[in-house]
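Asker: Handing you a structure now.
The values are calculated or read from the model by the stated rules, or taken from the named source; none is laboratory data. All of these numbers come straight from a predicted model, not from anything done at the bench. Cβ placement follows ideal geometry from the backbone for every residue including glycine, while neighbour counts extend to all protein chains displayed. Quick note on the areas: whole protein, heavy atoms, side chains included, nothing else; ligands and nucleic acids left out. Shrake-Rupley method; radii C 1.70, N 1.55, O 1.52, S 1.80 Å.
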Amino acid sequence: MSEELETLKAELERTKLAYQMAAQMSLFKSGFLARTSHELRSPLNSLLGLHQLILADLCESPEEEREFVGQAHKAALKLIKLLDDIIYVSKAEHGSGQVKNHPFPLSEVFNELKRLTHLHAANRSYDLNITYPEPELYINADLKRFAQVLVSLVDTAIAYMEEGGISITVRTSPQSDIAWVWIEIESSRAIWQEPIDLLKKQPLDVDPEAVQSLLQAPVPSPGMNLLLSQCLLETMGGGLEMLQAPSPNETNPLTRVQCSIPLASAQMIEEAQPID
């Protein structure tokens, strides 16, 4: 009887956690307009702040004024990139974007993931452990976009971690046609913690140090990255969940970001093979 009770308690805890995560993701999506406004405000404020520094003759020399113009240009490029990302995902969600699903080995995505993230992790002295899937494991997705999702999530974790490590593994089930890519982040910091009020007005500060702080802020934020990744995965028939996993280290809790993606059927793989 006690064993059944413990099983029920564990199941209840998993259900409770799943509900909390689902509610969190629902809030992410329902607040899309507020989030977009919040995300655009940072590079826009830095752009306006730099222009005000120049217009107020606060530059000490022509060289410093030219430097501020260059920084304003970088802020404008960040703003354009963010707009491009949001517009692409919006188009993909409404069926007008180019998401091209096709069967390919999941290991190809892992090759790209390692190529684009291992130096970032090494430069910050974080362990990045990637366990490759079997070569014959094929998924049906847009290779470029799926790699973009995984790289974005791993890069965000590396940028916001204070210590710990990241491991990437794959799980499949014989009863399911889905592959799960687990990004497990061992860190004491809550990376995807959200501000309480996304629409809270941020005063424009023309102090040079404040402007520099805005320029160094990553765009998009972790919350926006999570939302964009979820939207992209859904356009490919997949999904994204945040789960809490058992951690071997009490100091650094383990957060599991689970990306699900459809497996390619044998018929899909056969039809995709070139004819000799």
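Asker: Would you mind getting me the FRET efficiency between residue 63 and residue 119? Use the beta-carbon distance for r and R0 = 51 Å, nearest 0.05.
Answerer: Values: r = 32 Å, r/R0 = 0.63.
The pair residue 63/residue 119 has a calculated efficiency of 0.95.
Asker: Based on Cβ point charges of +1 for Lys and Arg and -1 for Asp and Glu, what charge dipole magnitude is obtained for region 151-191 about its Cα centre, in debye rounded to the nearest 20? Before the final figure, lay out each step's value.
Answerer: Numbers: 2 positive and 6 negative charges, 22 e Å.
Magnitude of the dipole: close to 100 debye.
Asker: Determine the order of 271, 67 by accessible area, beginning with the largest, at a probe radius of 1.4 Å.
Answerer: On the way: 271 130, 67 100 Å².
Sorted by accessible area, descending: 271, 67.
Asker: Suppose each label sits 7 Å from its Cα in the direction of the beta carbon; what would the residue 74-residue 2 distance come out to in nanometres?
Answerer: 6.2 nm
Asker: Check residue 179: other-chain or 5+ apart residues with amide H under 5 Å from its amide H, H built from backbone geometry?
Answerer: Those lying under 5 Å, H to H, from residue 179 are 261, 263.
Asker: Using the Cα centre as the reference, give the magnitude of the dipole from point charges on the C-beta atoms of region 110-186 (Lys, Arg: +1; Asp, Glu: -1; all else neutral), rounded to the nearest 20 debye.
Answerer: Details: 6 positive and 11 negative charges, 51 e Å.
Once rounded to the nearest 20, the dipole reads 240 debye.
Asker: Obtain the nm distance between the two label points defined at residue 129 and residue 56 by a simple spin-label model: each point lies 7 Å from its Cα along the Cα-to-C-beta direction.
Answerer: Placing both labels 7 Å along Cα→Cβ, they lie 5.1 nm apart.
Asker: Cα gyration tensor of region 41-129, axes a ≥ b ≥ c as square roots of the eigenvalues: rounded (a/c below 1.5), prolate (a/b > b/c) or oblate?
Answerer: Values: a/c = 4.15, a/b = 1.70, b/c = 2.44.
Oblate, since a/c reaches 1.5 and b/c is not below a/b.
Asker: Could you give the length gained on full extension between residue 9 and residue 271, defined as 0.36 nm per residue of separation minus the Cα-Cα distance, in nm?
Answerer: Details: separation 262, 0.36 × 262 = 94.32 nm, distance 4.69 nm.
Extra length available between residue 9 and residue 271 comes to 89.6 nm.
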